[in-house]
Every structure is written in C-alpha cells, then in structure tokens.
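Working notes, beginning with the structure itself.
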Amino acid sequence: MVWTSRPVRRLNGTIRAPGDKSCSHRALIFGGLASGTSRFTGLLEGDDVIRTGRAMAALGAGVVNTGPGAWEVRGVGPKGLTSPKEVLDFGNSGTGSRLMMGVMAGFDLTAELCGDASLSSRPMNRVLNPLRQMGMRDTAGQEGRLPFSLTGSSALKAIYYKPPQASAQVKSAILLAGLNAVGTTTVLEAKPTRDHTERMLQGFGAKLGFRTEPGGAAEISIAGKQPLFALDAAIPGDPSSAAFLIAAGILSPQGDVMVEGVMSNPTRSGFYDAANLMGAHLGAEERGEAAGERLIDLHAGYAGLKGIAVPERLVASMIDEFPVLAVLAAFATGETRVTGADELRVKESDRIKAIVAMLRVNGVGVEETADGFTVEGCGGPVPGGGLVETRHDHRIAMSALVMGTAAQRPVSVDDVSMIDTSYPEFLGHMAALGAEISEG
Ligand code: S3P
C-alpha cells in the first residue's frame, strides 16, 4: 500500500521517545532468565520485541503485558529454559533471533527458529560459528540461513572469540551463551559496539570483566553459570527512532522539534555527532537516568547543512542511522561521503543499495561504493516526486517519509506496515509534529 509524505512549512512539537529497541529485547530476555519477577515500563511494543517476548514465553518464562508499555516477566531462574512446543518465529528481527540463539545455546533444549523473507536472507553464521565452537548443534548447513533448528547444551564450553565484524548482536550472543557455559568466555572487540548487554546484565546481577588494550580494542569476559536476579526498570528512549524526528526538525524551514527522554550513550550517538559536524543546531538537556543509562531531552531547529566525510570511527555508533543521515546529506551543500560501512549490506535490506535507490528516485545524485555511498547534496530542498522501494526495511520507509516533509514535491513509499517492527507510533508522532503523511 503506497503512502505519501507531502512537503509542509513547519514541523513543531514535543514527543516522548519510544522505548529503545535494543534495551527492550534485552529486558525481556534477561528478565526471562532471572530468578523472580521483573517489571518494566516504557518497553517498546514493536513487532520485533513482542516476538522476543513470545519466544521467551515459549521457552518457559512468564511474560505478561500489564498496561501500555508495562510488562511483568517471571523468570525461569535455576530451572532454566526448556524446549518450546512451537516454532519460534522472529519475524524481521536480527537482534531477537541472534541474541536468542546465544541464550538457547546454554540450555538442554531443541528449538526450531524461523523469520520473514528479509530475516531468512541475513547471515547467521556470524553467530552460529562461535556457538558451534562452544558446543551448540544446528541444522543450518553451510549457508547459515533461517529456518533451522538448534540444540543447546548445559555443558557448553567457554571460548575466547574475536568477531570478524563489529557487531553488538554477535558479541551479545556469545556473552549470553557464556553466561551458561563452563568456564569464562571472552569476546575481543576491535571496535566498540553498543554496550547494552554488558550494562543490563550487570543490572541483573551478573559480574563481567573488562580490559581495554592500548589501541582501543576491548575484552569483555563473563564467567559461566552465574545467576541473574529480577530487576524493575524503566526502558530509556530510543536514539535511533528519535533520529527521524530530529532530522525532520533540522530539515523543516521553521522546524522546532523536542524529543524527550532519549538515551545518551556514546555507543549510540554517532548520528548526532555527524549531524553536528554537518552544522545542525542540536540542544540537549539532562533528564536523569533509566536502567543505568543517561537520558536527555533533545532539541532540533532548522539549519542549513554542509556535506562531510563521515568519520569511520562513528560508523558503529550510527549503524542504524545511515538511511536518515543520507536524507540530511541530500539537503546539504556539497558532498557527503560514507566509507567503512559494509555492514549496511546485511541489515534488514542491503541498505547501501536501498539508500542509493531512495535518493536517486527523488532526483538526488548519489554513487554506490563497496563499503558506503557518496551523496551530492542539493544545497536545499531535494526535488522529491519519487516512489521509494522500501524492501521490507522500516528505516528506509521512515527516512523517505521524513525526506518528503521538506522536499519540493511529495515522496511516496511502497509500504509502511514494517515500520511497526521498531516504531509503531511513528506515523502518529509525525502527524503530531504537523507532517502530512497519508495513504495513496
Ligand atoms: C543491535 C545491534 C546492531 C543494530 C541492531 C540492534 C543490538 O546490529 O543494527 O539494530 O541490539 O544489538 P549488529 O550487531 O548486526 O551491528
């Protein structure tokens, strides 16, 4: 179903950021493993997270929705997870499926896993290979694609592992397998990735070891067979979802957008750093803490932007924000160059191809490279007028709709349904700011 975003003069208003997707998955998983009942507020009720909750329930945890964003999770504790009776369907979610593979690896159970067309085309060997080294068995074959079944073991062996790619999902899967393995498991990260697993596991009472090497590489260690204890927590706001609203505020000629309660974590802040380098005027005010994370209220108004070479050190901390960064780049003066971002090829879509097509069909000059893309900024409103192929990718859909709010002509997308995976309130929030986005 085609939806269209029409140019508007002004976007203004205050929005409370939706719960962070990464933290919401982890809250349900760790709560489901812990002894006792955890209570969460502000949990993201996107399809990806709901499916993780269902998977934990099928494995023995009690997962109950007690109000909007409010969830109670009764953990299995020392009893451990048990084989599910149903197939675990992770829908579109790389995070849910990969973290759960690590979790299930450490228990004596067999589970069948599947996902949608997008997830079934994404590489799982990056997680399966280290888990196989630890002693997990699976039916995935060489290709390492869903669907397959896996058999975990309570006698899993600890490993020392250096992931070939910067990936918080891979790091997390190994640490979660390590939580139930025999011995101490260590992950060596060459470049830091989001650290929510480490922070939240400690919130649930686990002990982790950290060692930083002189070049910036870091070792994270976890001793096996540690108990987790229930936790009550408010889920911090999602900086990746907030980025769409902030970008809309920056591009709107009379923009004045405030997003409240956004998690401020250096492993997630690359988009905001890049936007600042491009000349955006972003304001931030401290708003306390949630679940061990700093919170800020973020403010954005209109700014003329200039193109930049995105520093490669920012790539991991803005890995989900390149589609919306590309939209900012399209309005900027001069060239914006993204390099060192080949991980974008294995996201919900090949995001390099999807971004290039999204901009081209709206009259923006853009070149694809092996590990990124180069945007020729329009120095003002982009022509627009295109129909964007979203390729089942929520972040491409939201980015294109943001672009339409400030383009010369409307921008359409071929589907909006998958936005529910990460940000079900997106269309409502954009409407509240004054955007004109409708079917047809
Ligand atoms: C996530 C890690 C990132 C990110 C994803 C969420 C997580 O994936 O793109 O949206 O919660 O651990 P990779 O680990 O594949 O980079």
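The residue of the stretch 103-129 that is farthest from the ligand (Cβ to nearest atom), among those that are part of a loop (DSSP other than H, G, I, E, B) and not aliphatic (A, V, I, L, M), is D108.
Rundown of residues vs (1) out of contact with any Lys or Arg (no Cβ under 8 Å at 6 or more places or on another chain); (2) more than 25 Å from H392 (Cβ to Cβ); (3) without any contact (Cβ under 8 Å) to a residue 60 or more places away in the chain, yes/no style:
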residue	(1), (2), (3)
T37	no, yes, no
E45	yes, no, no
V63	no, yes, yes
G75	yes, yes, no
A105	yes, yes, no
R137	yes, yes, yes
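When V8, V87 are screened for being touching a Cys at 6+ places or on another chain (Cβ under 7 Å) and at pLDDT 95 or above, only V87 passes.
Do you know which residues across the stretch 337-349 are touching a residue at least 12 places away in the same chain (Cβ under 8 Å) and either over 21 Å from M278 (Cα atoms) or more than 16 Å from the ligand (Cβ to nearest atom) (or both)?
Within the stretch 337-349, the subset touching a residue at least 12 places away in the same chain (Cβ under 8 Å) is 337-344, 346-349.
Correct list: R337, T339, D342, E343, L344, V346, K347, E348, S349.
Would you please name the residue that is modelled with the lowest pLDDT, looking only at residues in the stretch 303-327 that are farther than 22 Å from G237 by Cα and touching a strand residue (DSSP E or B) at 6+ places or on another chain (Cβ under 8 Å)? Looking at the filtered set, the residue picked out is G304.
Taken over the stretch 182-219, the criterion of being surrounded by fewer than 21 Cβ atoms within 10 Å (Cβ to Cβ), in contact (Cβ under 8 Å) with a residue 40 or more places away in the chain and of a type in the set (A, V, I, L, M) is satisfied by V182 alone. Could you grab me the full set of residues in the stretch 220-245 that are surrounded by fewer than 19 Cβ atoms within 10 Å (Cβ to Cβ) and within 24 Å of the chain's Cα centre (by Cα)? Within the stretch 220-245, S221, D232 meet the criteria. Per the listing R39, R10, the residue uniquely charged (D, E, K, R) and assigned by TED's automatic domain parsing to the domain that holds F107 is R39.
Condition (residue is of a type in the set (F, W, Y), within 16 Å of the ligand (Cβ to nearest atom) and either in a loop (DSSP other than H, G, I, E, B) or over 30 Å from G36 (Cβ atoms) (or both)) applied to the stretch 137-148: is it met by at least one residue? Reasoning before the result, please.
The initial filter retains those residues of the stretch 137-148 that are of a type in the set (F, W, Y), namely 148.
Checking which are within 16 Å of the ligand (Cβ to nearest atom) leaves us with none.
No, the stretch 137-148 has no match at all.
When the stretch 163-209 is limited to residues that are more than 27 Å from L314 (Cα to Cα) and among the polar types (S, T, N, Q), the one that is farthest from the ligand (Cβ to nearest atom) turns out to be T184. Just checking, which of S240, S252 is among the polar types (S, T, N, Q), closer than 27 Å to E376 by Cβ, more than 16 Å from the ligand (Cβ to nearest atom) and at pLDDT 95 or above? Within the list S240, S252, the selection yields S252. Applying a threshold of 9 Å to beta carbon distances and a minimum spacing of six or more residues, or different chains, the list of pairs starting in the stretch 418-438 at a residue that is at positive phi and touching a residue at least 24 places away in the same chain (Cβ under 8 Å) and ending at one that is of a type outside the set (S, T, Y) and away from the ligand (no atom under 16 Å from the Cβ) reads G434/V8; G434/R9; G434/R10; G434/L11; G434/N12; G434/G13. Taking G334 as the residue in question, decide whether it is touching a residue at least 12 places away in the same chain (Cβ under 8 Å), farther than 30 Å from D47 by Cβ and within 16 Å of the ligand (Cβ to nearest atom). No.
Summed over the stretch 47-102, residues that are touching a helix residue (DSSP H, G or I) at 6+ places or on another chain (Cβ under 6 Å), away from the ligand (no atom under 16 Å from the Cβ) and not in a loop (DSSP other than H, G, I, E, B) total 3.
Contact annotation: residue pairs with Cβ atoms under 7 Å, 6 or more positions apart or on different chains, pairing a residue in the stretch 316-329 that is within 11 Å of the ligand (Cβ to nearest atom) with a partner that is in a helix (DSSP H, G or I) and among the acidic types (D, E), are I319/E343.
The values are calculated or read from the model by the stated rules, or taken from the named source; none is laboratory data. Being a predicted model, the structure only gives us computed values, none of them experimental. Cβ: placed from backbone, ideal geometry, glycine included. Neighbour counts: every protein chain shown.
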